[in-house]
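Visitor: Input: one structure, supplied below.
The values are calculated or read from the model by the stated rules, or taken from the named source; none is laboratory data. Please read all numbers here as calculations on a predicted model, not as lab measurements. Using ideal geometry, Cβ is built from the backbone for each residue, glycine included, and neighbour counts are taken over all protein chains shown. Just the protein is used for accessible areas: all its heavy atoms, side chains included, with ligands, DNA and RNA removed. Shrake-Rupley method; radii C 1.70, N 1.55, O 1.52, S 1.80 Å.
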Amino acid sequence: MIELVSAERCITCDKCIEVCPTNVFDRGEDGLPVISRQSDCQTCFQCEANCPADALFVAPQTHPLPAESFAHDEEHLRHSGLLGSYRREIGWGSGRTPGAARAIGPALSPAGQPLIS
Amino acid sequence: MTLTADVLVVGGGPAATWAALKAAGQGASVVLADKGYCGTSGATASGGTGVWYVPPEEKAREAAMASREALGGYLADRRWMARVLDETYERINELADAGRYPFPVGLDGTSLRNGLQGPEYMRRQRIRVKRAGVTILDHSPVTELLVDADGAVAGAAGYQRQAGRPFEVRAGAVVLATGGCAFLSKAFGCNVNTGDGALLAAELGAELSGMEFSNAYGIAPEHTSVTKTAFYNYATFYRADGEVLEGAGSQRGRSVIARTLLSEKVFCKLDLADDAARKAMRLAQPNFFLTFDRLGVNPFTDTFAVTLLAEGTVRGTGGIRIVDDGCGTTVPGLYVAGDAATRELICGGFTGGGSHNAAWAISSGSWAGRAAAQFARALGRGTRQVSAAGGAGLRPTGGSSDVDVAEIIRTVQAEVLPYDKNYLRHGDVLRTALKELDGAWSSVRSGLRAEGAAAVPARQAAAMVAHARWMYTSALARNESRGMAKRLDRPDLDPAQHHRITSGGLDEVWARPEGALT
Ligand SMILES: Cc1cc2nc3c(=O)[nH]c(=O)nc-3n(C[C@H](O)[C@H](O)[C@H](O)COP(=O)(O)OP(=O)(O)OC[C@H]3O[C@@H](n4cnc5c(N)ncnc54)[C@H](O)[C@@H]3O)c2cc1C
């Protein structure tokens, strides 16, 4: 679930509020997105993929994590490279090659085509 | 807010976007209303898909068509398979050329087009739809259809949850592309898919088909969401003590996992992948690795617990019944596409392993969009007397009482998520479950009156109850095992039941062999 909105990194562009398929965010008084309906989060990582500032972190767990969890430790997420990692992997952001263009996976059978998704 | 258009497309995934593009291509004015955000919403946007993309060479096409016939219980139709292969081939090439989708290039220099990365594909589809002049309404779940005096569909109404206001679109024709129903299981990207389209269609008298093929379950690491399953082909499954779980597998043997999960945890390791495969897997499916990287698990060397998440009719094949080549239904002006529609025409009772559903969303979306535009043009722009067709959850038949929507959802989930009810089906269990579901329907139908923003979850709950009842009624009507509709109490395929099963009804649910008279 969405666990972190970095106030430091957020550029208040409203993108996450706009793209979240299940409408989890609201815009706060200060312009920062607020996680208003975390229980509606479907852990699809779309907000993160679309955040131009790498200011969001979605934990893989489909239940909320306690305050002391790694998912709230921005320092750790930055150092480990996890913050912004999905966007990097799919090649979104300026100067990057779209991941789709590099997506040549294994073939599951000897005669089969390589998987590309 | 009230808008007028020739064609209204309900949904925002691949089926909806192809429908909108092709309707607009016919010169129709088009509105697309999505519950979430067109570009990120739905199963494809998050998951990505393999695509049934087969070059038009006779031998390859023949092999492609033959490959799934037995698995699907011989309920598919060769003519429809051939149409889908043709249409998908053209549309994917259009996506490469006009849509500039960056397909990867193989070692021999050929462009590989047998799959699509979800976020990239749907981001481009949104741009294309906008450029085609379509009006996109995001965060605008449709809650009911509008119908004219002759019973033809005339538009839809819903609620814009971010703008906080109701909306209505008057249209000459409507395409329902709302996806399947995964019962809020949190399977990857599927919580927007609550089967709304089937409820809307049934309220106008449309029929369903193949609703017994509705027990797809996807593998994911325990307590997580990513139900991408292809790479579990490299998996060995284990019990807690490290003993190999015999017979368990991703393609054949998923039911062994389900049965075992009823009483103990099941663990997994992707230990059959060699080094080259391990590297390549990351490139093909970055979303598959999100979970592992964030859990700090190396899936190739560490064992991890797995679960199965219900994907219902998303990766099942049942849906709204189609009556013509334009994906029309029995309701004039109402067209269906993607997972909202039955996919039996091309894969019978089984889709596992992917690619057919994506091809179907592209093809059926394109056909439905074109046919809807033609219908609207023939109808013209005269004014029609219209009324709102929504029943359950909006206009109770009795005095409104305090029906708890969350409780209704829990009730449905308790009947459709458990492996020992929906996956490992048994006639007696299905009958007991149906009683519960009928009770839930009665209380919603007689007592629930939701308005404004509350209409959205109320209608989702109603749609899920309706879906579950068509599923189990159809599963009982199929008194045998065929495709994914296996019955523990009827383990064999019965040649006498080589037919599709049509279903429908709301207060009274029915299911019968296709073509049989009442
Ligand atoms: C993890 C996963 C992997 C998959 N892999 C493959 C694969 O490899 N190959 C393959 O062929 N298939 C695959 N599938 C299936 C494939 O994703 C679907 O068949 C496909 O997404 C169907 O497209 P669709 O447009 O019909 O539905 P979706 O993509 O689910 O989109 C439905 C849309 O309808 C909208 N909607 C719902 N209700 C309403 C409403 N009331 N009002 C307005 N809008 C509404 C939703 O917001 C959403 O935008 C996979 C599915 C999953 C879950």
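Visitor: Peptides B:155-161, B:277-283, B:170-176: what's the order by average Cβ count within 10 Å, highest mean first?
Guide: Numbers: B:155-161: 22.0, B:277-283: 17.7, B:170-176: 30.1.
Result, highest mean first: B:170-176, B:155-161, B:277-283.
Visitor: If you count the DSSP beta bridges with both ends in chain B, what percent of them are antiparallel, to the nearest 5?
Guide: Details: 42 of 63 bridges.
Here the share of antiparallel DSSP bridges comes out near 65 percent.
Visitor: Moving on. Just to check, using Stokes-Einstein with a Kirkwood Rh over alpha carbon pairs, what's the diffusion coefficient of the protein assembly as shown at 37 °C and 0.692 mPa s in µm²/s? Walk me through the intermediate numbers first.
Guide: Details: Rh = 24.5 Å.
Reported coefficient: 134 µm²/s.
Visitor: Now a separate question. Name the most mobile residue of A:PHE57, A:PHE25, A:PHE70, meaning the one with the largest mean-square fluctuation, in a Gaussian network model of chain A with Cα contacts below 10 Å.
Guide: It is A:PHE70.
Visitor: Can I ask one more? For B:ALA453 paired with B:VAL256, estimate the spin-label separation in nm (one decimal), with each label point 7 Å from Cα along the Cα-to-Cβ line.
Guide: Between B:ALA453 and B:VAL256, the simple spin-label model gives 4.9 nm.
Visitor: I would also like to ask the following. For chain A, what is the mean residue ellipticity at 222 nm derived from helices alone (per DSSP H run of n ≥ 4: -39500 (n - 2.57); sum divided by total residues; nearest 500 deg cm²/dmol)? All intermediate terms of the calculation are to be shown ahead of the outcome.
Guide: On the way: 5 runs with 25 residues, N = 117.
-4000 deg cm²/dmol, from helical runs alone.
Visitor: Given a 1.4 angstrom probe, what's the average accessible area per residue across the protein assembly as shown, in square angstrom? Write down the numbers at each step before the final one.
Guide: Details: 23270 Å² over 635 residues.
For the protein assembly as shown, the per-residue accessible area is 37 Å².
Visitor: Another question about this same structure. For the pair A and B, how large is the buried accessible area, both sides, in square angstrom to the nearest 100, if the probe is 1.4 Å? Please list the in-between numbers first.
Guide: Values: alone 7200 and 20170 Å², together 23270 Å².
Using a 1.4 Å probe on protein heavy atoms, the buried area is about 4100 Å².
Visitor: Can you give me the Cα centroid spacing of the stretch B:138-170 and the stretch A:62-117 in angstrom?
Guide: Taking the Cα centre of the stretch A:62-117 as reference, the centre of the stretch B:138-170 is 37 Å away.
Visitor: Return a whole-number percent for the relative contact order of the stretch B:78-228, with Cα pairs under 8 Å and 6 or more residues apart as the contact set. Write out the running numbers ahead of the final one.
Guide: Numbers: 146 pairs, mean separation 16.9, N = 151.
Relative CO of the stretch B:78-228 lands at 11 percent.
Visitor: With the crude spin-label approximation of a point 7 Å out along Cα→Cβ, what separation in nm comes out for B:ARG384 versus A:ALA53?
Guide: Here the modelled spin labels are 4.7 nm apart.
Visitor: Determine the equivalent ellipsoid of the stretch B:273-338 by diagonalising the alpha-carbon gyration tensor, then write out the semi-axes as square roots of 5 times the eigenvalues, largest first, rounded to whole Å. Before the final figure, lay out each step's value.
Guide: Details: eigenvalues 344, 43, 19 Å².
For the stretch B:273-338, the semi-axes come out at 41, 15, 10 Å.
Visitor: Tell me, how many Å apart are the Cα centres for the stretch B:417-446 and for the stretch B:41-86?
Guide: Cα centroid of the stretch B:417-446 versus Cα centroid of the stretch B:41-86: 32 Å apart.
Visitor: Starting from the Cα-Cα distance between B:THR135 and B:ASP274, subtract it from 0.36 nm times their residue separation and give me the gain in nm to one decimal. Provide the component values of the computation, followed by the final result.
Guide: Details: separation 139, 0.36 × 139 = 50.04 nm, distance 4.83 nm.
Result: 45.2 nm gained on full extension.
Visitor: While we're here: Over the stretch B:390-446, what is the relative contact order in percent, taking alpha-carbon pairs closer than 8 angstrom and at least six residues apart? Could the numbers behind the result be given before it?
Guide: Working: 32 pairs, mean separation 34.6, N = 57.
In percent, rounded to a whole number, it is 61.
Visitor: Give the peptides B:463-472, B:183-192 in descending order of average Cβ contacts within 10 Å, highest first. Please report the intermediate quantities before stating the final value.
Guide: Values: B:463-472: 29.1, B:183-192: 27.6.
The packing order, highest mean first, is B:463-472, B:183-192.
Visitor: In cubic angstrom, how much convex hull volume per residue do the alpha carbon atoms of chain B span?
Guide: Numbers: hull volume 77.0 nm³, N = 518.
In chain B, the Cα hull volume divided by residue count equals 149 Å³.
Visitor: Starting from the Kirkwood Rh over alpha-carbon pairs, what translational D in µm² s⁻¹ does the stretch A:2-102 have by Stokes-Einstein at 37 °C and 0.692 mPa s? Walk me through the intermediate numbers first.
Guide: On the way: Rh = 13.9 Å.
Stokes-Einstein gives a translational diffusion coefficient of 236 µm²/s.
Visitor: Continuing with this model, one more query. Determine which residues of the stretch B:226-243 fall in the zone a paramagnetic label at B:THR303 would reach in this model, i.e. backbone nitrogen under 16 Å from the point 7 Å along Cα→Cβ.
Guide: B:235-243
Visitor: Could I ask something else about it? How shielded is B:274-286 by partner chains, expressed as the average number of their Cβ atoms within 10 Å of its Cβ atoms? It would help to have the intermediate numbers written out before the result.
Guide: On the way: counts 1, 0, 1, 4, 1, 2, 7, 3, 5, 12, 10, 7, 11.
Counting Cβ atoms of other protein chains within 10 Å of each residue's Cβ and averaging gives 5.
Visitor: How many Cβ atoms of partner chains, on average, are near each residue of B:97-104 if near means within 10 Å of its Cβ?
Guide: Numbers: counts 0, 0, 0, 0, 3, 8, 4, 11.
For this peptide, the per-residue mean of nearby foreign Cβ atoms is 3.
Visitor: Given the Cα-Cα distance of B:SER263 and B:ARG377 and 0.36 nm per residue of separation, how much length would full extension add, in nm? Mind dumping the intermediate values first?
Guide: On the way: separation 114, 0.36 × 114 = 41.04 nm, distance 5.84 nm.
Between B:SER263 and B:ARG377, full extension yields an extra 35.2 nm.
Visitor: Given the rule -39500 (n - 2.57) for each run of at least 4 DSSP H residues, summed and divided by the residues of chain B, what is its mean residue ellipticity at 222 nm, to the nearest 500 deg cm²/dmol?
Guide: Values: 14 runs with 181 residues, N = 518.
When only DSSP H runs of four or more count, the value is -11000 deg cm²/dmol.
Visitor: Residues of B:105-116, mean number of Cβ from any other protein chain within 10 Å of their own Cβ, rounded to a whole number? Before the final figure, lay out the partial values.
Guide: Values: counts 3, 4, 2, 0, 0, 0, 0, 8, 2, 6, 8, 4.
For this peptide, the per-residue mean of nearby foreign Cβ atoms is 3.
Visitor: Give, ordered by residue number, each residue of the stretch B:128-152 whose 1.4 Å probe accessible area is reduced by a minimum of 30 Å² on adding the remaining protein chains to the chain alone.
Guide: Residues meeting the cut-off: B:HIS139.
Visitor: Taking all protein chains in place and a 1.4 Å probe, what share, in percent, of the accessible surface of chain A do carbon and sulfur account for? Numbers along the way, then the final one.
Guide: On the way: 2570 of 5120 Å².
The nonpolar share, carbon plus sulfur, comes to 50 percent.
Visitor: Roughly how many percent of the accessible protein surface of chain B is carbon and sulfur, given a 1.4 Å probe and a whole-percent answer? Mind dumping the intermediate values first?
Guide: Numbers: 9030 of 18150 Å².
Using a 1.4 Å probe with all protein chains present, chain B comes out at 50 percent carbon and sulfur.
Visitor: Relative to the present Cα-Cα distance, how much length would full extension add between B:GLU90 and B:ASP325 at 0.36 nm per residue of separation? Each step should come with its number before you reach the end.
Guide: Details: separation 235, 0.36 × 235 = 84.60 nm, distance 1.73 nm.
Net length gain for the segment: 82.9 nm.
Visitor: Related question: Have a look at the stretch B:173-211 and report residues whose accessible surface goes down by 20 Å² or more when the remaining protein chains are included, against the chain on its own, probe 1.4 Å, ligands and DNA/RNA excluded.
Guide: Listed by number, the residues meeting the 20 Å² cut-off are B:LYS186, B:PHE188, B:GLY189, B:ASN191, B:VAL192.
Visitor: By per-residue mean of other Cβ atoms within 10 Å, what is the highest-first order of B:213-221, B:72-80?
Guide: Numbers: B:213-221: 26.0, B:72-80: 18.4.
In descending order of packing, they fall as B:213-221, B:72-80.
Visitor: Right, something else. Computed from the mean reciprocal separation of all distinct C-alpha pairs, what Kirkwood hydrodynamic radius does the stretch B:216-310 have, in Å? Walk me through the numbers on the way to the answer.
Guide: Details: mean 1/r = 0.0753 Å⁻¹.
The answer is 13.3 Å.
Visitor: I want the local charge near B:PRO332. Using Cβ-Cβ distances under 10 Å, sum +1 for each Lys or Arg and -1 for each Asp or Glu among the other residues.
Guide: Details: positive: none; negative: B:ASP148, B:ASP150.
Residues near B:PRO332 contribute -2 overall.
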